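Each reported figure results from applying straightforward, stated rules to the coordinates on display, with no laboratory input. Values in this document were obtained by computation on a predicted structure and should not be read as measured data. Here the Cβ positions follow ideal geometry from the backbone for every residue, glycine too, while neighbour counts run over all protein chains shown.
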Amino acid sequence: MEVVTAVKGFKDILPEETGRWQYVEARAREVFAAFGCREIRVPILERTDLFARGIGEATDIVEKEMYTFRDRGGECLTLRPEATASIIRAYLEHSLHVADPVAKLYTIGPMFRRERPQRGRYRQFHQIDVEILGHEAPCIDGEVILMLLHFLRSVGLKAPHLEVNSLGCNICRPGYRASIQGFLAGREADLCGDCRRRLDTNPLRVFDCKVPSCREIVDQAPGVTDSLCGECRDHFAAVLVSLDAFDIAYVINPRMVRGLDYYTRTAFEVTTEFLGAQNAVAGGGRYDGLVRELGGPDIPGIGFAVGFERLLALTAEDLDDVPPFSPELFIAALGDPARQFAYALGNRLRLQGRRVEMDCRPRGLKGQMKRADKLGCRRVLIVGDREMETRQAELRDMTTGEQVRVSLDDPSSWEYLLV
Ligand code: AMP
């Protein structure tokens, strides 16, 4: 019979990889806690409407990439393509904002987008996502970017390249939108079908288009920074001051708009030269109108998402601190009484938190040593009939070959060797 395989673009994360995942997650939790962020876990399935309203109807994600279906009750549901909308929904649904409008939240988990799979782009991928609600001050934007870069460096990311921009607010953006519309109007013939179609609904999308002819046009388009209103200009200037205060290097990219509609003011992206075409490892920005858009009061927000797979691809070789999984001790037992003893001792040590393995099948010493070696055990305790009688056995260091005689009745006297 044929083996059923995974769905295209959906990847298994195998045991040999999960240590790295856990290590990166642990660093994220540590760094985010230092900055006062707490974890929130939201469902992966939401009403489709949440994303249509939150992300924007005329975006690639909502138009082309969502996994949307009707469940058996006829409800239209979607596997979440990102976490921000879900987090805000939870924040409003549970009235977290009533007790305290300021909420610093993070979540780590799978997202789903039906993009064309390629290296660094999957249909199920994972994000490390932070959302700070209730703060409007530009120093928070600086703090969020500082936290992001600190986290990325703490897991060994080399040479992160930060680009920042301000996308304006609902006062100055319409003017910019109109100027882009005007700019593109005479160039319609050179735009791809998608961009032409979105000229009226969402002309800023052309900035995210990957089609070369559209890219050429975009490079000549006016940048958003020139059309910012006074308040947005001041806000952006203050964000840059707070980045300077922490010696954070950045490049202002006035043509970076990012793929989701909800961003206002600060937008940022972290790229590296090592990722090829899929070079963004993290991205985020401010979304001061989104909470209201989702039915809540006027509460500002800012957040970012790190692509977990991309981060791991960049740091894989550098994660020396990943805790080892291999057992600390293998108990090789010969004969029934020794095997029973090994079973009892091994499990007792496990209850104390030691990583111990034994072979419960009746096998010769050679086979057991081979297994210990295969599992990468550092030490092996060899127990046979004679050892059961004398209550003493050899503890062998598999890397140096050194042997120490230890007492079977008093494992606590040699446990210090198991490191
Ligand atoms: P976004 O939510 O589109 O701003 O993406 C934030 C980050 O998630 C990106 O910088 C990528 O690192 C990662 N990402 C987005 N889409 C995918 C995908 N299809 N596969 C893998 N990583 C992704």
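At-a-glance table
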read-out: Mean separation of Cα contacts under 8 Å, 6 or more apart, over the residue count of the chain: relative contact order %; value: 15
read-out: Label-point separation in nm, R177 to S412, each point 7 Å along Cα→Cβ; value: 7.2
read-out: For segment 181-244, projected area of the alpha-carbon convex hull averaged over all directions, nm²; value: 5.4
read-out: Lysine pairs within the chain, Cα separation less than 27 Å, 8 or more sequence positions apart or different chains; value: 10
read-out: Euclidean distance between Cα centres, segment 48-77 to segment 203-230, Å; value: 27
read-out: Compactness of segment 329-418, expressed as Rg and Dmax over alpha-carbon positions, Å; value: 11.7, 30
read-out: Cut-off under 5 Å, modelled amide H: who pairs with M111 long-range; value: F125, H126, Q127
read-out: Cα-only Debye scattering, the chain: base-10 log of I(q)/I(0) at q = 0.14 Å⁻¹; value: -1.22
read-out: Rg/Rh ratio calculated on Cα atoms of segment 130-244 (Kirkwood radius); value: 1.05
read-out: Value of [θ]222 nm, deg cm²/dmol, for the chain, DSSP H segments ≥ 4, -39500 (n - 2.57) each, nearest 500; value: -10500 deg cm²/dmol
read-out: Gap separating the Cα centres of segment 244-309 and segment 137-178, nearest whole Å; value: 5
read-out: Folded to 0 to 90 degrees: helix 138-154 orientation relative to the chain principal axis, Cα; value: 30
read-out: Whole-Hz ³J(HN,Hα) from phi, Karplus 6.51 cos²θ - 1.76 cosθ + 1.60, for segment 241-256, glycine and proline x; value: 4, 5, 5, 4, 4, 9, 6, 8, 7, 8, 10, 7, 10, x, 10, 8
read-out: Cysteines in the chain that, by Cβ-Cβ distance, have no pairing candidate under 4.7 Å; value: C37, C76, C139, C169, C192, C195, C232, C360, C377
read-out: Orientation-averaged projected area, Cα convex hull of segment 49-118 (nm²); value: 6.3
read-out: Debye, to nearest 20: dipole size of the chain, +1 on Lys, Arg Cβ, -1 on Asp, Glu Cβ; value: 1160
read-out: When segment 252-402 is reduced to its Cα atoms, the Kirkwood hydrodynamic radius in Å; value: 20.5
read-out: In Hz, Karplus ³J(HN,Hα) per residue of segment 326-333 (6.51, -1.76, 1.60; θ = phi - 60°; x = Gly, Pro); value: 4, x, 7, 9, 10, 9, 8, 10
read-out: Mean projected area (nm²) of the alpha-carbon convex hull when segment 217-275 is viewed from all directions; value: 5.5
read-out: Net charge, V102 excluded, C-beta distance under 12 Å - Lys, Arg +1, Asp, Glu -1; value: -1
read-out: Extension gain from F325 to E389, taking 0.36 nm per residue of separation minus the Cα-Cα distance; value: 19.7 nm
read-out: Rough spin-label spacing in nm, given labels placed 7 Å along Cα→Cβ, for R116 and R38; value: 4.5
read-out: Gain on full stretching of the segment that runs from E231 to E25 - 0.36 nm per residue minus C-alpha separation; value: 70.4 nm
read-out: Contour minus Cα-Cα distance for T68 and V241 (0.36 nm per residue); value: 58.0 nm
read-out: HN-Hα J in Hz across segment 355-364 - Karplus 6.51, -1.76, 1.60, θ = phi - 60°, x for Gly and Pro; value: 8, 10, 10, 9, 10, 7, 8, x, 10, x
read-out: Ratio Rg/Rh, restricted to segment 63-160 and using Cα atoms, in which Rh is the Kirkwood radius; value: 1.04
read-out: Two-site FRET efficiency, T399 against L351, from Cβ-Cβ distance with R₀ of 41 Å, rounded to 0.05; value: 0.95
